[in-house]
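S.K.: Shown below is the structure under consideration.
The values are calculated or read from the model by the stated rules, or taken from the named source; none is laboratory data. Since we're looking at a predicted model, the values are computed, not measured. Note: ideal-geometry Cβ built from the backbone for every residue, glycine included; neighbour counts use all protein chains shown.
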Amino acid sequence: MTATQTMVYLIGAGPGDAGLITVRGADLLKRARIVIYDYLSNAALLNYVPASAERIYVGKKGFSAHVTQAEINALLVQKAQELAQNGGGVLIRLKGGDPFVFGRGGEEALALSRAHIPFEIVPGITSGIAAPAYAGIPVTHRGISSSVTFVTGHEQPEKTQSAIDWTALARLATRGGTLCFYMGIHNLDFICANLIRQGAPINTPVALVRWGTLPKQEVLTATLCDAPKKARAAKFAAPAIILVGRVAQLRPELAWFERRPLFGVRVVVTRSRVQAGVLSDRLAELGADVYEFPTIEQTCPDSYEVLDNALAHLASFDWVVFTSVNGVDCFFERLPQKAAPGTCTDPRALAHARVAAIGPATAQRLRTFGITADVVPESYRGEAVFTAIRDVAQKAGSSLEHACVLIPRAQVARSVLPDLFRQAGAHVVVAPAYKTVLPRDSAVSELARELQAGRVDAITFTSSSTVRNLFALLKDQAPVLLRNVELFSIGPITTETLHDAGCTDVHQASEYTINGLITCMCGYYRERKDKK
Ligand code: SAH
């Protein structure tokens, strides 16, 4: 494809979990100029799409289609033609699961073909295979099932001439073959009754998998005989796969997804968007349903004057103390522009100074710049970093008296650390490297709604400012909204701030790091599950 050509890609988004899109699908999303997407494709996949791209939602929720298929076909053709006249590029039609498995991708491809618009298909993992897999059910299994049949469960029961061969399906199920119904929850009675009527054993195992591969996955196991009753009792709703066959018996032994330590826990991560990534990813990996709510965002400080001045005279500092990952990033981002002429603009600029990091995450970030911190205290508090530095200085036969100490950090922060250095006779420069602010478009009301509805189980706090900001945002509603939510704090200072805000019941990490916080959460939920 040349730069000016237009190409439409019908891409399978996979069954739900954003990690289950193909590498090719993700690569193409990064090149999109227009994306037309569905209800069942994970919205997180849009993060791959360039900000400048046009995004068009044509979601069909259940059976109450608000955009018809004919309209979608016409839209695809129209948008592709517009794009061609407008410099060309990539148009993506992103569809849940696989585009050609009950996805009407064939109809969309035909519309494009008939309009002479070039297109390609990128298959996706279909929910009929993935949802059972995440429920611990292989759709075929040696000695149990030698076939799997994908069937629409959407056929109207009143249809006189069925396109589905129920006799054949019942025969397959009788021999252990797997039947996989899509869009069938509304018709569950009809499906089970039909199979029984055609001779399938009433005790044939059935598994219903709702929202498969996502943290809100629900699984119900039954038999052909009692599945409708059980589903009604559990108010089991779409979207779900109905799996019929003996393979469903493997679930008790093979279930894995729900066994993740934080499965089913809906947790709000309050770090800023920039920092949330690692914590959110790790929590999601452990099965949590992560809701990112950045209570703070990082922006430039009101003035760079102090930092710039320090960067221009870096050689005069004996110590540079980094108190956050963000401080490290901002420092090295600014350094090349502001280092004194003729001096190093890379990390060698710190060759004359000793470097301290407040904790392992900050030390790790320094390492990515090729710097191994001389001091990382055992306990990650300002006081501890001071003591550790003093000890190192003493061992080396020097003292902190008259030492020049640079602390690049947030514009607003505690004065404990600089005060301690000053008391020891050091000359301290506190250089604002960034500023934390309340996010402008913070979806506070959405969070409040979620809390109100009891859809949040836990909140993580990784600094005092995340606490202060969340309480400032929720205002006087905070105590009521947080009443039934487990609060997890990274360390004593954050906990203290929570106590000050009136929260007495706080879980605190015993190691004051992200890892420690995660361990603390896993421990709490393990204990709770054990108690049940
Ligand atoms: N092309 C899609 C299917 C679209 S039809 C695919 O290949 O997966 C819509 C039906 O797919 C839903 O009614 C439901 O039966 C099934 N489905 C889609 N996503 C699902 C999920 N995450 N868990 C369970 N079933 C799902």
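Okay, residues lined up against (1) modelled with pLDDT of 90 or more; (2) not in a helix (DSSP H, G or I):
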| site | (1), (2) |
| --- | --- |
| VAL405 | yes, yes |
| VAL412 | no, yes |
| LEU447 | yes, no |
| GLU450 | yes, no |
| VAL456 | yes, yes |
| ASN469 | no, no |
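S.K.: Only one of (1) away from the ligand (no atom under 16 Å from the Cβ); (2) within 22 Å of the chain's Cα centre (by Cα); (3) not acidic (Asp, Glu) is not met by GLY12, so which one is it?
M.R.: (1)
S.K.: Go through segment 238-262 and give me each residue that's among the charged types (D, E, K, R) and under 26 Å from the mean Cα position of the chain (by Cα).
M.R.: GLU258, ARG259, ARG260, listed by residue number.
S.K.: Now a separate question. From ARG251, ARG246, which residue is of a type in the set (D, E, K, R), crowded, with 18+ Cβ neighbours inside 10 Å, closer than 11 Å to GLY136 by Cβ and touching a residue at least 60 places away in the same chain (Cβ under 8 Å)?
M.R.: ARG251
S.K.: Going through segment 192-218 one residue at a time, which ones are touching a Pro at 6+ places or on another chain (Cβ under 9 Å), buried (at least 17 other Cβ atoms within 10 Å of the Cβ) and either assigned to a loop (DSSP other than H, G, I, E, B) or of a type outside the set (S, T, N, Q) (or both)?
M.R.: Hits for segment 192-218 are CYS192, ALA207, VAL209, ARG210, TRP211, GLY212, THR213, LEU214.
S.K.: Among the residues of segment 500-511, count how many are over 16 Å from ALA384 (Cβ atoms) and either surrounded by 14 or more Cβ atoms within 10 Å (Cβ to Cβ) or touching a Gly at 6+ places or on another chain (Cβ under 8 Å) (or both).
M.R.: 5
S.K.: For GLY277, indicate whether it is of a type outside the set (A, V, I, L, M) and out of contact with any helix residue (DSSP H, G or I) (no Cβ under 6 Å at 6 or more places or on another chain).
M.R.: Judged against the criteria, GLY277 is a match.
S.K.: When you check GLU108 against the structure, is it part of a helix (DSSP H, G or I), more than 9 Å from the ligand (Cβ to nearest atom) and either surrounded by 20 or more Cβ atoms within 10 Å (Cβ to Cβ) or not small (Gly, Ala, Ser) (or both), yes or no?
M.R.: Here the answer is yes, as GLU108 does meet what is asked.
S.K.: Sticking with this structure for a sec: When you check ARG24 against the structure, is it more than 16 Å from the ligand (Cβ to nearest atom) and under 28 Å from SER280 (Cβ atoms), yes or no?
M.R.: Here the answer is yes, as ARG24 does meet what is asked.
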